[in-house]
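Asker: I have a structure here, written as structure tokens, and I will follow up with some questions on it.
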Amino acid sequence: MLDTLFTLLWVLSPLVIGFWLPIPSRYTPLINRLLSVLVWAILLLIGMSLAQVHDIGAQFGAIARYVIWLAVCCMGSGLIGLMLLDRRYPLTRTHQASQAAPNLVLSGTFMQLACLGVGFGIGRILPIAQGTLSWGIKLALALLILSVGIGLAHSGLRLREVLLDKRGALISLVFCVSVAVGGAIFALTTPSVSLTQGLALSSGYGWYSLSGILMTDRYGAVWGTVALLNDLLRELCALLLIPLIMPRYPSAAVGLGGATSLDFMLPVIQSSGGNAMIPLALSFGCITNLLAPLLMVMFAHFG
């Protein structure tokens, strides 16, 4: 119990502190650059940590199978749940948007994968102690979450407005429940994976830098890599599918991005759904950003 409370404090405290820090708006671009640097640093460190796993080469096939099946279960169940929501309670859109999607996000996803690979290569060459890597990852994550909190504070969002957005809260509820069903299916169909581990792995919602670290800390580098790649795959699929499903299923399109609907996927949502979709994406993205660390820690440590 104390270990769980410590982990929750370690994950959530920087987010709360960052949200309430009186940082002037003129420093927002600097915070955004710091956020990008920290993401690259975390990917490098996770790749280096993965390289320390004994006989890792023989496990790549299993990792790929786990990632694909986890993504099918979680993204599939989330899409089905939100599509049913769109059919039952259609969302009226008044703006006809362009179908262009920014290619920069796509290239960014492949750069993140490349960064993970570079970290793995460095880890195979340099003999770095696992304990040193673990502390480095935790420090980088704390700074990353602090930066996310500062970014939320300067995004114009108010927690009261986010939680009182009925459609955003409804999409978040349906999304989280549906994805949890997918995590349960993954656990029930995968030997040696408990129900709580399946739920923990499914709760990253696209926040790959966080899920990769938390799952590595709890289940080891192999499962941490599975969680990270699953959430990176969500980002890639969201980029490709949001413009296609937005016309008929706008709630599902917003939900497909998960936690990244607040930032990385926002340009894609705007270009394919119009400006009217931005408040909904911000509300949904903010709620899932708050829930992801809480749910991952709870499922991982109470299991």
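Asker: Of the options 129, 12, 267, report the single residue whose Cα projects farthest towards the positive end of the charge dipole of the chain (beta-carbon charges: Lys, Arg +1; Asp, Glu -1).
Answerer: 267
Asker: Might you report the magnitude of the Cβ-based charge dipole of the chain about its Cα centre, with Lys and Arg at +1 and Asp and Glu at -1, to the nearest 20 debye?
Answerer: My answer is approximately 500 debye.
Asker: Can I ask one more? Filter the chain for me: DSSP H helices, axial length by Cα at least 24 angstrom, mean Kyte-Doolittle hydropathy not below -0.5. List them by residue number.
Answerer: Membrane-span-like by this criterion, though nothing is claimed about a membrane: 2-20, 28-51, 60-88, 103-125, 130-153, 166-189, 221-245, 278-302.
Asker: Rounded to the nearest 0.05, what FRET efficiency do residue 72 and residue 21 give with R0 = 41 Å and r taken as the Cβ-Cβ distance? Could you check?
Answerer: 0.55
Asker: Can you tell me how much longer the chain between residue 80 and residue 36 gets when fully stretched, taken as 0.36 nm per residue apart minus their C-alpha distance, in nm with one decimal?
Answerer: My answer for the length gained is 12.6 nm.
Asker: Enumerate the amide H contacts of residue 193 below 5 Å, restricted to partners 5 or more residues apart or on another chain; note that Pro and chain-start residues carry no placed amide H.
Answerer: Correct list: empty.
Asker: In Å², and per residue, what accessible area does the chain have when probed at 1.4 Å with the other protein chains present?
Answerer: Details: 13850 Å² over 303 residues.
Counting only protein heavy atoms, the per-residue value for the chain is 46 Å².
Asker: Enter the mean projected area of the convex hull around the alpha-carbon atoms of segment 166-230, in nm², rounded to one decimal. Mind dumping the intermediate values first?
Answerer: Details: hull surface 17.2 nm².
If I average the Cα hull's projected area over directions, I get 4.3 nm².
Asker: Which FRET efficiency value, to the nearest 0.05, do you get for residue 244 and residue 87 by plugging their Cβ-Cβ distance into 1/(1 + (r/R0)^6) with R0 = 22 Å?
Answerer: That pair, residue 244 with residue 87, gives E of 0.85.
Asker: Label segment 221-303 by shape, choosing from rounded, prolate and oblate, from the square roots a ≥ b ≥ c of the eigenvalues of the Cα gyration tensor; if a/c is under 1.5 it is rounded, and otherwise prolate applies when a/b is larger than b/c, oblate when it is not.
Answerer: In terms of gyration-tensor shape, prolate.
Asker: Give me the percent of accessible area attributable to carbon and sulfur for the chain, probe 1.4 angstrom. Mind dumping the intermediate values first?
Answerer: Values: 9820 of 13850 Å².
About 71 percent, which is the carbon plus sulfur part of the accessible surface.
Asker: Next question. So how far apart, in nm, are the two label points at residue 275 and residue 192 if each is 7 Å from Cα heading toward Cβ?
Answerer: About 5.4 nm, to one decimal.
Asker: I need the trypsin sites (Lys or Arg not before Pro) found in segment 201-250, filtered to DSSP loop residues with at most 13 other beta carbons within 10 Å of theirs.
Answerer: Sites meeting the loop and neighbour criteria: 248.
Asker: If the only charges are +1 at each Lys and Arg Cβ and -1 at each Asp and Glu Cβ, what is the size of the charge dipole of segment 131-264 around the Cα centre, to the nearest 20 debye?
Answerer: The calculation lands at about 240 debye.
The values are calculated or read from the model by the stated rules, or taken from the named source; none is laboratory data. Keep in mind that this is a model prediction, so the values were computed, not measured. For neighbour counting, all protein chains shown are included, and Cβ atoms are generated from backbone atoms with ideal geometry for every residue, glycine included. Just so you know, the surface numbers come from the protein's heavy atoms only, side chains and all, with ligands and any DNA or RNA stripped out. Shrake-Rupley method; radii C 1.70, N 1.55, O 1.52, S 1.80 Å.
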